[in-house]
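The values are calculated or read from the model by the stated rules, or taken from the named source; none is laboratory data. Since we're looking at a predicted model, the values are computed, not measured. Because the Cβ atoms are built from the backbone with ideal geometry, glycine has one as well, and the counts that use them run over all protein chains shown.
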Amino acid sequence: MELLTVPIEKPDDVNLVLGQSHFIKTVEDVYEALAGTSPHLRFGLAFCESSGPCLVRRSGNADDLVGLAVQNALAVGAGHSFIVFLREGFPVNVLNALKQVPEVCRIYCATANSVEVVIAETGQGRAILGVVDGSSPKGVETEDDVSARKALLRQLGYKS
């Protein structure tokens, strides 16, 4: 077995969701879940089929994001993994819908940060062991940081 990391390549203005599911129906059901969250959401998704023809299945409503999803799905190469790239929406807007998709088993991360996927590779294939999402903490928030965090959430409309 070999351990390796695969960096996710994406523009800074794009968010991603990386997960695992269990059936080819994932592509259509995830598409429907995402499309139903907002008419403004732009997305691309790719799913790594792990039996039969073992193809990367793809869909979305933004060709550039579909291409980005395919590129990164091929790089990760873990069976039954899927990756979604988002614009004009955020993971917080789609996570509940994604978690309700019957084929979705796990969400590894949902972020705009830089991501490295930790992979185990065996003679059979690849598995996602986890992710490195962004950077390690540099300290503990101060009272000023607490106030700024609360103000930002209210400014964005997530809290009243």
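Here is how the numbers come out for the structure above:
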item: Residue list for the stretch 113-160, filter: without any contact (Cβ under 8 Å) to a residue 60 or more places away in the chain, of a type outside the set (D, E, K, R), closer than 15 Å to V17 by Cα and not in a loop (DSSP other than H, G, I, E, B); result: G130
item: Qualifying residue in the stretch 122-135 (condition: modelled with pLDDT under 95 and farther than 24 Å from P39 by Cβ); result: yes
item: Sole exception among (1) of a type in the set (V, I, T); (2) more than 19 Å from G79 (Cβ to Cβ); (3) in contact (Cβ under 8 Å) with a residue 60 or more places away in the chain for V30, by number; result: (2)
item: Criterion: in contact (Cβ under 8 Å) with a residue 24 or more places away in the chain and in contact with a Lys or Arg (Cβ under 9 Å, 6 or more places away or on another chain) - qualifying residue of A73, A110; result: A73
item: Answer from N113, N93, N72 - the residue that is surrounded by 11 or more Cβ atoms within 10 Å (Cβ to Cβ), at pLDDT below 95, on the phi < 0 side of the Ramachandran plot and out of contact with any helix residue (DSSP H, G or I) (no Cβ under 7 Å at 6 or more places or on another chain); result: N93
item: Unique match (being buried (at least 16 other Cβ atoms within 10 Å of the Cβ), within 13 Å of the chain's Cα centre (by Cα), at pLDDT 95 or above and not acidic (D, E)) among I119, I83; result: I83
